[in-house]
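Reviewing the structure listed below.
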Amino acid sequence: MPKIIPADLRKYIEKNFSSGRLVCLSGAGISYESGIPTFRGKGGLWEKYDPAVYANVQGLTRLFKERPQRLIDFLRDFYTVLLEAAPNPAHLALARLEKEGILKCLITQNIDGLHQQAGSRNVIELHGDAFRTRCTGCIASGELGREKIKEMLRLLAGGQNSRQKTLRILSSYFPRCRKCQGRQRIDIVLFGESLPEDEMARAYKQLAGCGVLLLVGTSLVVYPAASLPLYAKEKGAELIEINSQPTAFSEVCDWKIRSEAGPALAEILKILGYA
Ligand code: NAD
């Protein structure tokens, strides 16, 4: 098999990936090989559903009031893709690097939970997790889980639902918060919403002390997540981009691996003697 990673970068990886100062920032591209389309790529959910409506609190609220069945169709399509996906070699390689003490932290913009499923533990989720709930009052988070989502979709699938029936079903999966009686919702950051402050603070802290930042499968056009690599660079980190296409950040990166994430990360494991 021809090698993806050139000789000079192989040497750099051998020398610099042993110190536990490696951090990774991942985006939608890392889950592409698991069957989840990227945000800007072809064939994704957002070709069918306008994100200005479906990735926006006001849009979703209006939809629920005016076209509840359309909201159900969206929830079904959104979760079906996520439920069918399993971690791919890229997620598994990053989990292995953490287990071996090389990767100290994984910062992700993804909401699919695949890093945790692969075994990663120190994961900072900047945009939330579609399988968790968050209270709109006190921000307490809860587990929603894959089985509950499947059950909810089955209940919602029973023919044309009235607004009342839809509300009854949704309310039973997103009940009032026990602590503050606030309404619970899916724990993902929608358009126009702020990123969770504690997760951003943790990300900055990890990046301040990292030696190398791996950027995997992200176009880095979404702020403030896109500010993180510049911060890491300012603090002295070297940036390695793994992406099948050039991005607006490629020029800033010290190293570029122009490949799909799975084969590239599998090769990094080999270089380090873990495969
Ligand atoms: P993006 O869609 O803007 O960019 C994806 C990037 O991945 C592109 O640069 C593309 O060239 C690259 N890519 C595609 N396939 C790849 C592969 N196999 N290997 C390596 N690189 C590959 O995604 P983004 O930068 O993460 O920003 C989009 C936003 O949408 C994020 O906030 C994210 O939360 C959300 N989103 C998440 C998921 C998910 O959870 N899986 C999926 C779609 C969108």
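Observations on the structure shown:
- Total residues in segment 41-59, condition free of Cβ contacts under 8 Å to residues at least 60 places away in the same chain and either in contact with a strand residue (DSSP E or B) (Cβ under 8 Å, 6 or more places away or on another chain) or in a helix (DSSP H, G or I) (or both): 8
- Exclusive hit being of a type in the set (D, E, K, R), more than 16 Å from the ligand (Cβ to nearest atom), loosely packed, with under 13 Cβ neighbours inside 10 Å and at pLDDT 90 or above, set Glu66, Glu14: Glu14
- Output for segment 228-274, where each listed residue is of a type in the set (D, E, K, R), crowded, with 18+ Cβ neighbours inside 10 Å and under 16 Å from Val23 (Cβ atoms): Glu241
- Meets criteria (within 11 Å of the ligand (Cβ to nearest atom), of a type outside the set (A, V, I, L, M) and not in a strand (DSSP E or B)) for Phe74: no
- Segment 98-114 - residue that is hydrophobic (A, V, I, L, M, F, W, C) and either within 13 Å of the ligand (Cβ to nearest atom) or not in a loop (DSSP other than H, G, I, E, B) (or both) and, of those, farthest from Thr38 (Cα to Cα): Leu103
- Selection count, segment 234-262, where residues are within 14 Å of the ligand (Cβ to nearest atom) and either of a type in the set (Gly, Ala, Ser) or touching a Lys or Arg at 6+ places or on another chain (Cβ under 6 Å) (or both): 7
Results for (1) within 24 Å of Leu63 (Cα to Cα); (2) of a type in the set (A, V, I, L, M, F, W, C), shown as yes or no for each residue.
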site	(1), (2)
Gly128	yes, no
Glu143	no, no
Leu153	yes, yes
Ala157	yes, yes
Ser162	yes, no
Leu167	yes, yes
Ser172	yes, no
Pro196	no, no
Gln206	no, no
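- Inter-residue pairs, beta-carbon under 7 Å, first of a type in the set (Lys, Arg) and in segment 233-260, second assigned to a strand (DSSP E or B), 6+ apart: Lys233/Leu239; Lys256/Glu241
- Scan of segment 216-229 for residues that are under 13 Å from the mean Cα position of the chain (by Cα) and either more than 7 Å from the ligand (Cβ to nearest atom) or part of a strand (DSSP E or B) (or both), ordered by number: Val216
- Output for segment 192-207, where each listed residue is of a type outside the set (Ser, Thr, Tyr) and loosely packed, with under 14 Cβ neighbours inside 10 Å: Gly192, Glu193, Glu197, Asp198, Ala201, Lys205
- Evaluation of Lys165 against the conditions (1) surrounded by fewer than 15 Cβ atoms within 10 Å (Cβ to Cβ); (2) free of Cβ contacts under 8 Å to residues at least 40 places away in the same chain shows that the sole unmet condition is (1).
- Residue satisfying all of: in segment 180-202; away from the ligand (no atom under 12 Å from the Cβ) and either in contact with a Leu (Cβ under 6 Å, 6 or more places away or on another chain) or among the hydroxyl-bearing types (Ser, Thr, Tyr) (or both); farthest from Ile107 (Cα to Cα) among these: Ser194
- Set Gly35, Gly41: member being touching a Gly at 6+ places or on another chain (Cβ under 9 Å), under 30 Å from Lys104 (Cα atoms) and surrounded by fewer than 17 Cβ atoms within 10 Å (Cβ to Cβ): Gly41
- When Asn88 is tested against (1) of a type in the set (S, T, N, Q); (2) surrounded by fewer than 20 Cβ atoms within 10 Å (Cβ to Cβ); (3) in contact (Cβ under 8 Å) with a residue 12 or more places away in the chain, exactly one condition is not met: (2).
- Single residue of Glu147, Glu143, Glu151 found to be more than 17 Å from Lys65 (Cβ to Cβ), among the acidic types (Asp, Glu) and surrounded by 12 or more Cβ atoms within 10 Å (Cβ to Cβ): Glu151
The values are calculated or read from the model by the stated rules, or taken from the named source; none is laboratory data. All of these numbers come straight from a predicted model, not from anything done at the bench. All Cβ positions, even for glycine, are placed from backbone atoms using ideal geometry, and neighbour counts span all protein chains on display.
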